[in-house]
1. So which residues in segment 60-98 are within 18 Å of PRO4 (Cβ to Cβ) and surrounded by 14 or more Cβ atoms within 10 Å (Cβ to Cβ)?
2. Given the options GLY36, GLY28, name the one that is more than 20 Å from the chain's Cα centre (by Cα) and either among the aliphatic types (A, V, I, L, M) or surrounded by 11 or more Cβ atoms within 10 Å (Cβ to Cβ) (or both).
3. When the residues of segment 84-107 are filtered to those that are in a helix (DSSP H, G or I) and of a type in the set (A, V, I, L, M), which remaining residue is farthest from TRP35 (Cα to Cα)?
4. Restricting the search to segment 57-76, which residues are assigned to a loop (DSSP other than H, G, I, E, B) and β-branched (Val, Ile, Thr)?
5. Residues ILE65, ILE71: which one is under 22 Å from the mean Cα position of the chain (by Cα) and either in contact (Cβ under 8 Å) with a residue 12 or more places away in the chain or closer than 18 Å to ARG9 by Cβ (or both)?
6. Collect the residues in segment 28-56 that are outside any loop (DSSP other than H, G, I, E, B) and closer than 28 Å to LYS70 by Cα, keeping them in residue-number order.
Amino acid sequence: MTEPKIMTRNEFHSLTSNYSFEVSWSNGGTHNDCWGNSYSSSADEPLALTEHLDFLCTFFPEVTIRTVCKIQEAVSFSTKTYSDYYGGSTSESRIYIDRDTILRILVEDDYIEIVSE
């Protein structure tokens, strides 16, 4: 294994600033109006979260599959439903991982050593 990269927390956050560790899409639903009309919206194709893998390949190509799996296990999924005033509802799904979670795992697995600012 290679020596850990020594950096501050801010330096790590700077490395991640061009990456969005989140994707979301509409699951569709219905919209109603005050005249009793109902309009349906179709669902988008679900998306895959890959930015975290692109980030690792770019800045930490030496990361093992074990560490990638730990990071992948920390990815979260959520669904939120929105209701309109007239009884319609739509929902949105989201897949995401927090930057600090990636940092914590990279520190735990000795890929990064954090030093004071």
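Nothing in this text is a laboratory measurement; each read-out follows from the coordinates by a stated rule. A quick note: this is a predicted structure, and the numbers were derived from the prediction, not measured. Glycine gets a Cβ as well: all are built from the backbone with ideal geometry, and neighbour counts include every protein chain shown.
1. PHE60, VAL63, THR67, VAL68, LYS70, ILE71
2. GLY28
3. VAL107
4. If the condition is that a residue be assigned to a loop (DSSP other than H, G, I, E, B) and β-branched (Val, Ile, Thr), then VAL63, THR64, VAL75 are the ones that fit.
5. Details: ILE65 fails: either in contact (Cβ under 8 Å) with a residue 12 or more places away in the chain or closer than 18 Å to ARG9 by Cβ (or both).
It is ILE71.
6. GLU51, HIS52, LEU53, ASP54, PHE55, LEU56
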